[in-house]
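Visitor: Here it is: the structure, laid out below.
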Amino acid sequence: MYCGELARRSGVSPDTVRFYERRHLLPTAVRTLSGYRVFPPDSLARMQMIRAGLSVGFSVAELADIFNERDAGGAPCHRVRKLAADKLSLLETKLLDLQRWRRELRSTLKAWDRLLARTPRGKQARLLETMSHKIHRRRA
């Protein structure tokens, strides 16, 4: 399968296919006499695995290592499972941080609305200063 066809069928650009080849996510393509890349038929399935892996947070380097081990006859399954579990743990921590941030912003907006309601039109309410005071009090 030519590079362009693999790209089209995978939903990526030919540049992406060439990038994955350079990063050893795809096997090195055979070249035609005119220099066109020709990938083996199983490259489409590999592209689907790459896209699935990237979509859940695996890096290009991680996938390259996994595929390299797999292509050499190894069984990286436990490592893949551990990497995915680590990514889930990190994601859950980020979600907690985002939820705290959302609560903080909601609280800040309510306080600002009260402050703006008491501030005469054309006068500064100094909203950002209230945030810096809030942060300073938290640290004290």
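Visitor: For the chain, modelled as a Gaussian network with Cα springs under 10 Å, which listed residue fluctuates most, 106, 23, 81?
Guide: Evaluated over the chain, the most mobile residue of the options is 106.
Visitor: If the reach is capped at under 13 angstrom between alpha carbons, list the aspartates and glutamates near residue 94, excluding any in the same chain fewer than eight residues apart.
Guide: 86
Visitor: Taking 0.36 nm per residue of separation and subtracting the Cα-Cα distance, what length does fully extending residue 61 through residue 78 add?
Guide: Stretched out fully, the residue 61 to residue 78 stretch lengthens by 4.4 nm.
Visitor: Let me ask something additional. For residue 111 and residue 90, what does the FRET efficiency come to when R0 = 30 Å and r is the distance between their Cβ atoms, rounded to the nearest 0.05?
Guide: 0.40
Visitor: Can I ask one more? For a quick check, take a GNM of the chain with Cα springs below 10 Å and name the residue from 108, 119, 93 with the largest mean-square fluctuation.
Guide: 119
Visitor: I would also like to ask the following. So for the pair residue 51, residue 97, with labels modelled 7 Å out along Cα→Cβ, what separation do we get in nm?
Guide: Roughly 3.0 nm, to one decimal.
Visitor: Say we join alpha carbon atoms closer than 10 Å with springs in a Gaussian network model of the chain; which of 37, 121, 46 then has the biggest fluctuation?
Guide: In this elastic network of the chain, the residue with the biggest mean-square fluctuation among 37, 121, 46 is 121.
Visitor: I would also like to ask the following. Amide H to amide H, which residues 5 or more places from residue 2 or on other chains are under 5 Å from it, using H placed in the peptide plane?
Guide: 39
Visitor: Could you derive backbone 3J(HN,Hα) for the range 110-121 from the dihedral phi with the Karplus parameters 6.51, -1.76 and 1.60 (θ = phi - 60°), listing whole Hz in sequence and x where the residue is Gly or Pro?
Guide: Couplings: 4, 5, 5, 4, 5, 5, 5, 5, 8, 8, x, 4 Hz.
Visitor: Show me, for the range 41-50, the HN-Hα J-couplings you get by feeding each phi into the Karplus relation (A = 6.51, B = -1.76, C = 1.60, θ = phi - 60°), rounded to Hz, glycine and proline as x.
Guide: x, 6, 5, 5, 5, 5, 4, 5, 5, 4
Read-outs throughout are calculated quantities, based only on the coordinates presented, and are distinct from any laboratory measurement. Bear in mind the structure is a predicted one, so any value in this text is a computation, not a measurement. Every residue, glycine among them, receives a Cβ derived from its backbone with ideal geometry; neighbour counts consider all protein chains shown.
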